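I have placed the structure first, in the form of C-alpha coordinates, so that the comments after it can refer back to it.
The values are calculated or read from the model by the stated rules, or taken from the named source; none is laboratory data. What you see is a predicted model, and the numbers here were worked out from it, not measured in a lab. We place every Cβ from the backbone using ideal geometry, glycine too, and count neighbours over all the protein chains shown. Side chains included, ligands, DNA and RNA excluded: accessible areas come from the protein's heavy atoms. Shrake-Rupley method; radii C 1.70, N 1.55, O 1.52, S 1.80 Å.
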Amino acid sequence: MPEFVGAVDQGTTSTRFMIFDHAGREVARHQLEHEQILPKAGWVEHDPVEIWERASSVLTSVLNRAKLTENIDRSVMMVTALSPVIGYDKAAAISYYAIDHNLTLKQAALANGVSEELYDQVVNPLALTRGGSADLPSGPAG
(Lines give C-alpha, C1' and ligand atoms only; values in the text may rest on other atoms or scores of the structure.)
Protein backbone atom coordinates (compact mmCIF):
# COMPACT_ATOMS: atom_id res chain seq x y z
CA MET A 1 0.00 0.00 0.00
CA PRO A 2 1.40 3.45 -0.87
CA GLU A 3 2.48 5.66 2.04
CA PHE A 4 0.88 8.81 0.62
CA VAL A 5 -1.74 10.01 -1.81
CA GLY A 6 -1.40 13.05 -4.04
CA ALA A 7 -4.05 15.31 -5.51
CA VAL A 8 -3.92 17.95 -8.24
CA ASP A 9 -6.34 20.85 -7.84
CA GLN A 10 -6.67 22.58 -11.19
CA GLY A 11 -8.54 25.79 -10.51
CA THR A 12 -9.46 28.85 -12.50
CA THR A 13 -6.60 30.92 -11.12
CA SER A 14 -3.96 28.36 -10.13
CA THR A 15 -2.69 24.80 -10.15
CA ARG A 16 -2.01 23.14 -6.81
CA PHE A 17 -0.61 19.74 -5.86
CA MET A 18 -0.95 18.32 -2.34
CA ILE A 19 0.28 15.14 -0.67
CA PHE A 20 -1.65 13.54 2.20
CA ASP A 21 -0.76 10.73 4.59
CA HIS A 22 -3.10 7.87 5.58
CA ALA A 23 -4.59 9.95 8.38
CA GLY A 24 -5.59 12.65 5.88
CA ARG A 25 -2.97 15.11 7.15
CA GLU A 26 -1.41 17.36 4.56
CA VAL A 27 2.26 16.48 4.16
CA ALA A 28 3.28 18.93 1.44
CA ARG A 29 1.80 21.38 -1.06
CA HIS A 30 2.80 23.76 -3.80
CA GLN A 31 0.68 26.16 -5.83
CA LEU A 32 1.36 28.31 -8.87
CA GLU A 33 -0.95 30.89 -10.38
CA HIS A 34 -1.55 31.05 -14.11
CA GLU A 35 -2.57 33.82 -16.46
CA GLN A 36 -6.22 34.66 -16.90
CA ILE A 37 -7.12 35.42 -20.52
CA LEU A 38 -10.31 37.51 -20.70
CA PRO A 39 -11.32 37.70 -24.37
CA LYS A 40 -14.69 39.29 -23.54
CA ALA A 41 -16.91 40.01 -20.55
CA GLY A 42 -17.76 36.86 -18.62
CA TRP A 43 -15.25 34.65 -20.46
CA VAL A 44 -12.07 33.21 -19.00
CA GLU A 45 -9.57 31.26 -21.03
CA HIS A 46 -6.20 29.72 -20.24
CA ASP A 47 -3.12 28.77 -22.18
CA PRO A 48 -3.10 24.93 -22.14
CA VAL A 49 0.70 24.80 -22.39
CA GLU A 50 1.01 27.07 -19.35
CA ILE A 51 -1.44 24.86 -17.42
CA TRP A 52 0.57 21.74 -18.34
CA GLU A 53 3.84 23.42 -17.33
CA ARG A 54 2.35 24.61 -14.01
CA ALA A 55 0.99 21.12 -13.25
CA SER A 56 4.36 19.55 -13.98
CA SER A 57 6.16 22.16 -11.89
CA VAL A 58 3.96 21.83 -8.78
CA LEU A 59 4.18 18.03 -8.85
CA THR A 60 7.95 18.08 -9.15
CA SER A 61 8.33 20.73 -6.46
CA VAL A 62 6.13 18.95 -3.92
CA LEU A 63 7.57 15.52 -4.58
CA ASN A 64 11.12 16.84 -4.24
CA ARG A 65 10.25 18.70 -1.02
CA ALA A 66 8.42 15.68 0.42
CA LYS A 67 11.33 13.37 -0.43
CA LEU A 68 13.83 15.82 1.04
CA THR A 69 11.82 16.07 4.27
CA GLU A 70 11.52 12.28 4.46
CA ASN A 71 15.25 11.86 3.89
CA ILE A 72 16.08 14.39 6.61
CA ASP A 73 13.63 12.79 9.06
CA ARG A 74 15.10 9.35 8.38
CA SER A 75 18.72 10.47 8.39
CA VAL A 76 20.54 8.84 11.27
CA MET A 77 23.27 11.44 10.76
CA MET A 78 21.06 13.87 12.67
CA VAL A 79 21.99 11.86 15.75
CA THR A 80 25.28 13.79 15.81
CA ALA A 81 23.32 16.72 17.25
CA LEU A 82 22.11 14.54 20.13
CA SER A 83 25.46 12.96 20.91
CA PRO A 84 26.94 15.86 22.94
CA VAL A 85 23.71 16.10 24.94
CA ILE A 86 22.84 12.44 25.68
CA GLY A 87 26.22 10.80 25.12
CA TYR A 88 27.72 8.85 22.26
CA ASP A 89 26.56 5.39 23.39
CA LYS A 90 22.90 6.39 23.78
CA ALA A 91 22.96 8.34 20.49
CA ALA A 92 24.49 5.34 18.68
CA ALA A 93 21.85 3.03 20.18
CA ILE A 94 19.11 5.37 18.94
CA SER A 95 20.50 5.41 15.39
CA TYR A 96 20.70 1.60 15.31
CA TYR A 97 17.18 1.37 16.73
CA ALA A 98 15.88 3.68 13.98
CA ILE A 99 17.49 1.54 11.28
CA ASP A 100 16.45 -1.79 12.80
CA HIS A 101 12.82 -0.72 13.27
CA ASN A 102 12.43 1.41 10.10
CA LEU A 103 11.70 4.55 12.14
CA THR A 104 12.57 8.19 11.82
CA LEU A 105 15.31 9.32 14.13
CA LYS A 106 12.77 11.24 16.21
CA GLN A 107 10.55 8.17 16.61
CA ALA A 108 13.57 6.12 17.70
CA ALA A 109 14.74 8.81 20.12
CA LEU A 110 11.31 9.08 21.73
CA ALA A 111 11.11 5.28 22.01
CA ASN A 112 14.48 5.32 23.77
CA GLY A 113 13.65 7.87 26.45
CA VAL A 114 14.55 11.20 24.83
CA SER A 115 11.83 13.76 25.44
CA GLU A 116 10.19 15.37 22.44
CA GLU A 117 11.04 18.80 23.85
CA LEU A 118 14.75 17.94 24.07
CA TYR A 119 14.78 16.35 20.61
CA ASP A 120 13.11 19.35 18.98
CA GLN A 121 15.44 21.74 20.79
CA VAL A 122 18.64 19.93 19.81
CA VAL A 123 17.95 18.31 16.43
CA ASN A 124 17.48 21.20 14.03
CA PRO A 125 18.67 20.32 10.50
CA LEU A 126 19.03 23.96 9.50
CA ALA A 127 21.17 24.75 12.55
CA LEU A 128 23.38 21.77 11.71
CA THR A 129 24.34 23.46 8.45
CA ARG A 130 26.05 26.24 10.39
CA GLY A 131 29.23 26.19 12.46
CA GLY A 132 29.28 25.70 16.21
CA SER A 133 27.87 23.03 18.47
CA ALA A 134 24.47 22.07 19.76
CA ASP A 135 23.01 24.32 22.43
CA LEU A 136 22.87 22.23 25.55
CA PRO A 137 19.70 22.62 27.57
CA SER A 138 20.07 23.28 31.26
CA GLY A 139 19.30 20.43 33.62
CA PRO A 140 19.59 16.67 33.13
CA ALA A 141 19.39 15.26 29.59
CA GLY A 142 16.51 13.07 28.63
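Counting each DSSP H run of 4 or more residues in the chain as -39500 (n - 2.57), what helix-only mean residue ellipticity at 222 nm follows after dividing by all residues, to the nearest 500 deg cm²/dmol?
Values: 5 runs with 62 residues, N = 142.
That comes out to -13500 deg cm²/dmol.
Taking Rh as the Kirkwood radius, which is the inverse of the mean 1/r over Cα pairs, what is the Rg/Rh value for the chain?
Working: Rg = 21.4 Å, Rh = 18.1 Å.
Taking Rh as the inverse mean 1/r over Cα pairs, Rg/Rh reads 1.18.
Checking the cross-link filter: which lysines have an alpha carbon closer than 18 Å to that of residue 67, excluding same-chain neighbours under 8 positions apart?
106
Counting only heavy atoms of protein chains, what accessible area per residue, in Å², does segment 1-45 have with a probe of 1.4 Å?
Details: 3250 Å² over 45 residues.
Per residue, segment 1-45 has an accessible area of 72 Å².
Going by accessible area, probe 1.4 Å, with all protein chains left in place, what is the ranking of 15, 60, largest first? Could the numbers behind the result be given before it?
Details: 15 0, 60 70 Å².
Largest to smallest exposure gives the sequence 60, 15.
Please give the peptides 102-110, 44-52 ranked by average Cβ packing (other Cβ atoms within 10 Å per residue), highest first, as a rough proxy for protection. Spell out each step's value before the answer.
Values: 102-110: 18.8, 44-52: 11.6.
Packing order, densest peptide first, comes out as 102-110, 44-52.
For the chain, which whole-number percentage of the solvent-accessible area (1.4 Å probe, protein heavy atoms only) is attributable to carbon and sulfur atoms? Can you show the working numbers first?
Working: 5130 of 9370 Å².
Percent of accessible area from carbon and sulfur atoms in the chain: 55.
Expressed in nm to one decimal, what extension gain is obtained for the pair residue 31 and residue 115 from 0.36 nm per residue of sequence separation less their Cα-Cα distance?
Numbers: separation 84, 0.36 × 84 = 30.24 nm, distance 3.54 nm.
Fully extending the segment from residue 31 to residue 115 adds 26.7 nm.
Please identify which residues in segment 31-74 have an amide N closer than 19 Å to a label point set 7 Å out from the Cα of residue 5, following the Cα→Cβ vector.
59, 63
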